[in-house]
1. How do 99, 151 line up, fewest other C-beta atoms within 10 Å first?
2. Counting only other residues whose beta carbon sits under 11 Å from that of residue 37, what net charge do I get with K and R as +1, D and E as -1?
3. Specify the inter-centroid distance of the stretch 89-167 and the stretch 33-59, based on alpha-carbon positions, in whole Å.
4. How large is the helix-only mean residue ellipticity at 222 nm for the chain, computed as the sum of -39500 (n - 2.57) over DSSP H runs with n ≥ 4, divided by its residue count, in deg cm²/dmol to the nearest 500?
5. Per 10 Å bin from zero, what fraction in whole % of the C-alpha pairs of the chain is there, up to the bin with the longest pair?
6. Taking the Cα centre as origin and putting +1 on Lys and Arg beta-carbons and -1 on Asp and Glu beta-carbons, what dipole magnitude results for the stretch 7-197, to the nearest 20 debye?
7. Are any of the pairs 16/130; 8/191; 8/101; 16/70; 31/130 more than 24 Å apart by Cα-Cα distance, and if so, which?
8. Using θ = phi - 60° and the Karplus relation 6.51 cos²θ - 1.76 cosθ + 1.60, list the HN-Hα couplings for the stretch 152-166 in order, rounded to whole Hz, with x at every Gly or Pro.
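Bear in mind these aren't lab numbers, they're just calculated from the coordinates by the rules spelled out. Remember, predicted model here, so these are calculated numbers, not experimental data. Note that we place each Cβ from the backbone using ideal geometry, even for glycine, and neighbour counts take in every protein chain shown.
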Amino acid sequence: MQNLAPLKLGVLGSGKGSNFVAIAQAIQAGKINAQVQIVLSDVEDAGILEHARALGLRAEFIAPGRFRTKLEPQAEERVVELLREAGVELVVLAGYMRMIKAPLLEAFPSRIINIHPSLLPRFPGLESWKQALEAGACTTGCTVHYVDGGMDTGPVIAQSEVPVLPGDTAATLHARIQVAEHALFPEVIAKLAAPRRG
Ligand code: GRF
């Protein structure tokens, strides 16, 4: 039987939210059979929350607690509760800067995806564009992958290559990678949502 219902997304982000905007615009343009149910951030003044509110979406700050690289377990349990209440089927990490731990991993097995600014498995972790420059790489790119308990280690879904150009700075290379991200992430989500069209 065909399932025409839009895939229900929950988006987590810590930053300016340009990937979220690209996804929201692709949904509005009818390119993805999905809807954003809720946007959550561990950063109270994150741009992603402002963008979500401007679109009339539910957007909430989650106080992260005492750790820098992960949420306090209660905070992550609260995230799970909010995602479940919102009926979320796929969790989208769009610039979310903390590790995902058991509460969320166990609540959404194989249903959490992340965008990372390198061609994984090269340059996992922070500021991958700087890592690419420092390594003298000729190409880098971005990767959408399923999230597991490791750092940028889950199964790769899709990648997009980006050249490193002579004279590139960290800023120019990151900007070029972000252009690729804004195309790749919506494409992947569209494909994950597509089987629902039957
Ligand atoms: C992106 O470069 C993404 O790959 C990384 O964090 C950045 C988020 O940017 N994980 P934005 O908040 O979507 O603009």
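1. So the ranking, lowest neighbour count to highest, is 151, 99.
2. +1
3. After rounding, the separation between the Cα centres reads 21 Å.
4. Mean residue ellipticity at 222 nm (helix-derived): -10500 deg cm²/dmol.
5. Bins of 10 Å from zero give 9, 36, 37, 15, 2, 0 percent of pairs.
6. So the magnitude is around 380 debye.
7. 31/130
8. Using θ = phi - 60°, the values come out as 6, 10, x, x, 6, 9, 7, 9, 9, 8, 9, x, 8, 9, x Hz.
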